[in-house]
Amino acid sequence: EDLGVVAVGFSGGQCKPGVDAAPSALIESGLLTQLRDELGYKLHGHDTVHLYADSVPASDPPYRGMKNPRAVSAVTRRIAGQVYEHAREGRMVLTLGGDHSIAIGTVAGTARAVRERLGREVAVVWVDAHADINTPETSGSGNVHGMPVSFLTGLAREDKEEFFGWLGDENRVSVRKLVYIGLRDVDAAEKRILRENGIKAFSMFDIDRHGIGRVMEMALAHIGSDTPIHLSFDVDALDPMWAPSTGTPVRGGLTLREGDYICECAHQTGSLVAVDLVEVNPSLASANDVGAHETVRAGCSIVRCALGESLL
Ligand code: ARG
Ligand code: MN
Ligand code: MN
Ligand code: MN
């Protein structure tokens, strides 16, 4: 099977340096070799870690409260093109971030390709401690990694091309085809957005109540069978015990096994078209550096499960 790889060394959607080093750390720990040699994928585009330096302007003052708006818009636009090119060829697409703002590009790319190739709307499974559905106006931080879902669903809109105005209807996803898993740190304004738009969300409360097995059944039932799925996995969905090296850790998260299970179920549908792994930040490690190593290992496990590793 063919796999398009987009390694994104980009951190401009938030303020902590280091998340741009994640693709190299994941690759150096052997992830892509394993996908090729053990899972049998034929890799495309895996030789380069993209830094998009020429898309980052020297001066990038806030716009509508967004930080680094021109850089994030330009970089995600290029990612959308890269992901689209892979998906158009019928390849599954793996994107290694980078912070979660890059999902503006990845989902925009698959949404367009799935429309053109299959005449279908892509569904998005967003695994995260956070909902990342702030609009520029509701965001308290101004960090675009807290806003990707609002731009992708059209809840946030902008005409100016240099501030995400390049996003068109072909790049957007329906709020009805969006499912969250793992939420536990959702801003008050985001809760209102989720409620008013009837967006399906399984919080840690739901996982404790029903178990991850039942939650995945319900999540996939909501999407409907035979629907192409884009899985966007923020490593901070995992409990900091397994993934401490991330910019916005929140206690009370998924075990690594639960995270792997989510990915195995997504793979088992046979409908996965793209997988993102984001927010691994190897520089945010505890004194002895064990945290970074553990987080990279957890990230590799998540990706391998999404691409079919642990099913017999
Ligand atoms: N809700 C907060 C914000 O808007 C945190 C977002 C964290 N997002 C993430 N991709 N880690 O800034
Ligand atoms: Mn998060
Ligand atoms: Mn996120
Ligand atoms: Mn398989």
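Miscellaneous remarks
- Boolean, Ser286 is surrounded by fewer than 20 Cβ atoms within 10 Å (Cβ to Cβ), out of contact with any Ser or Thr (no Cβ under 8 Å at 6 or more places or on another chain) and not in a helix (DSSP H, G or I): yes
- Pairs, first within 14 Å of Leu178 (Cα to Cα) and touching a residue at least 60 places away in the same chain (Cβ under 8 Å) in segment 211-224, second assigned to a helix (DSSP H, G or I) and among the basic types (Lys, Arg), C-beta under 8 Å, six or more apart: Ile223/Lys177
- Checking every residue in segment 194-208 against the condition of being assigned to a loop (DSSP other than H, G, I, E, B), aliphatic (A, V, I, L, M), more than 16 Å from ligand 1 (Cβ to nearest atom) and surrounded by fewer than 23 Cβ atoms within 10 Å (Cβ to Cβ) gives zero matches.
- Subset of segment 155-192 [crowded, with 22+ Cβ neighbours inside 10 Å and either among the basic types (Lys, Arg) or not in a loop (DSSP other than H, G, I, E, B) (or both)]: Asn171, Lys177, Leu178, Val179, Tyr180, Ile181, Gly182, Leu183, Glu190
- Meets criteria (within 16 Å of ligand 3 (Cβ to nearest atom), assigned to a loop (DSSP other than H, G, I, E, B) and aliphatic (A, V, I, L, M)) for Ala243: yes
- Boolean, Val280 is within 15 Å of ligand 3 (Cβ to nearest atom), of a type outside the set (Lys, Arg), under 21 Å from Gly13 (Cα atoms) and in contact with a strand residue (DSSP E or B) (Cβ under 6 Å, 6 or more places away or on another chain): no
- Per-region count, segment 70-110, residues acidic (Asp, Glu) and within 16 Å of ligand 3 (Cβ to nearest atom): 1
- Extreme residue, farthest from ligand 2 (Cβ to nearest atom), among residues of segment 209-240 that are at pLDDT 95 or above and part of a loop (DSSP other than H, G, I, E, B): Gly224
- Annotation note: Cβ proximity below 6 Å between a residue of segment 90-112 that is hydroxyl-bearing (Ser, Thr, Tyr) and a residue that is part of a loop (DSSP other than H, G, I, E, B) (sequence gap 6+ or interchain) occurs for Ser101/Gly13; Thr110/Val122.
- Residue tally, condition within 16 Å of ligand 4 (Cβ to nearest atom) and touching a residue at least 60 places away in the same chain (Cβ under 8 Å), over segment 230-261: 1
- Screening segment 46-154 for helices (runs of 4 or more DSSP H) wholly inside it with 2 or more residues that are at pLDDT 95 or above and closer than 19 Å to Asp2 by Cα returns the ranges 69-88, 103-118.
- Residue match in segment 246-262 (condition: within 23 Å of Glu121 (Cα to Cα) and surrounded by 20 or more Cβ atoms within 10 Å (Cβ to Cβ)): yes
- Qualifying positions in segment 12-40 - small (Gly, Ala, Ser), free of Cβ contacts under 8 Å to residues at least 60 places away in the same chain and assigned to a helix (DSSP H, G or I): Ser24
The values are calculated or read from the model by the stated rules, or taken from the named source; none is laboratory data. Note that the structure is predicted; figures quoted are calculated from it, not measured. Glycine gets a Cβ as well: all are built from the backbone with ideal geometry, and neighbour counts include every protein chain shown.
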